[in-house]
Amino acid sequence: MASEASELELPLVQDVPLTNCMRLRVQSLQQKNEKPQDGEKLLRPNEFVYRVDFSHQHNLRFVRWDVVLKQPGKVDVIGTSQHWTPDLTNLMRRQLLEPVGVFWRKPDSPEVECNEADVLEFGERLVELAKIRKVMYFLLAYADGLEPAHVKCSVVFRV
């Protein structure tokens with residue numbers, strides 16, 4: 001799990017039951033011809049819910065994102081605030097964190113690129129959220145041919 005004694009790598013793990021639950025919410029609204037709550041974030045077909053379980057919550061320092069894209073495409077990693085409790089409430093747009101971590105790989109390159117300033121700021125926000133929550137949820141939005149099987153994502157902290 002840790003590549004060095006002082007580093008802690010925490011993978012983003014797909015939460016299939018929660019993704020399915022959120023998809024059922026969309027289906028239910030469509031079947032009943034109802035509208036979502038004002039400000040509610042409905043899961044799009046290219047979005048999936050992931051989670052990070054913080055095995056260590058205090059004295060973390062963000063080091064880097066480790067993102068592997070097995071083929072060209074783009075993935076947006078969107079954090080959710082500590083106020084979202086998926087077992088009790090629907091996800092609201094105001095609970096989505098900014099900045100979003102955007103990672104992409106061009107067709108002619110093996111390298112994964114990103115907006116470094118945004119992913120650094122995003123990673124540093126995770127340190128603060130880890131102090132509050134043992135579990136954090138993310139939406140991963142896939143584009144340009146990517147899907148969950150093509151992506152491996154983790155966040156690395158120094159402890």
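What are the residues in region 38-55 that are over 19 Å from VAL151 (Cβ atoms) and surrounded by 13 or more Cβ atoms within 10 Å (Cβ to Cβ), if any?
GLU40, LYS41, LEU42, PHE54
Just to check your reading of the model, which residue among ARG133, ARG125, ARG105 is in contact with a Pro (Cβ under 6 Å, 6 or more places away or on another chain), surrounded by 15 or more Cβ atoms within 10 Å (Cβ to Cβ) and of a type outside the set (Asp, Glu)?
When all the criteria are applied, what remains is ARG105.
Tell me, please, whether a residue that is closer than 22 Å to ILE78 by Cβ and loosely packed, with under 14 Cβ neighbours inside 10 Å can be found in region 18-25.
Scanning region 18-25 turns up at least one residue that is closer than 22 Å to ILE78 by Cβ and loosely packed, with under 14 Cβ neighbours inside 10 Å.
What is the number of the single condition among (1) more than 23 Å from LEU43 (Cα to Cα); (2) open to solvent by 40 Å² or more (accessible area, probe 1.4 Å); (3) in contact with a Gly (Cβ under 8 Å, 6 or more places away or on another chain) that VAL159 does not meet?
Unmet condition: (3).
The values are calculated or read from the model by the stated rules, or taken from the named source; none is laboratory data. From a predicted model like this one, the values you see are computed outputs, not experimental measurements. Reconstructed Cβ throughout: ideal geometry from the backbone, glycine too, with neighbour counts over all protein chains shown. Surface accessibility is based on the protein's heavy atoms, side chains included, excluding ligands, DNA and RNA. Shrake-Rupley method; radii C 1.70, N 1.55, O 1.52, S 1.80 Å.
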